[in-house]
């Protein structure tokens, strides 16, 4: 998240004809971040907390783990195969 001063610097530099990549380099930001803020008309802070990327990954891993355990696919499980 950038602050309001950085937002106006981005807008001014872009208005003055600077390339997005050069703005990003000058302000030590990612070019995608600069592009995102150039597209916005006004500055607004995030209203809620940012979602954790780690939490989402952990939840999906837990879901896969539970599914594998249900299907007997986790390592350490022993399988018995009867051949008739």
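The values are calculated or read from the model by the stated rules, or taken from the named source; none is laboratory data. The model shown is predicted, which means the values in this text are computed figures rather than measured ones. Here Cβ is always computed from backbone atoms with ideal geometry, including for glycine, and neighbour counts include all displayed protein chains.
Residues of the range 11-46 that are surrounded by 11 or more Cβ atoms within 10 Å (Cβ to Cβ), touching a helix residue (DSSP H, G or I) at 6+ places or on another chain (Cβ under 7 Å) and outside any helix (DSSP H, G or I): 43 alone. Evaluated against (1) loosely packed, with under 12 Cβ neighbours inside 10 Å; (2) at pLDDT 95 or above; (3) over 19 Å from the mean Cα position of the chain (by Cα), residue 70 falls short on exactly one condition, (2).
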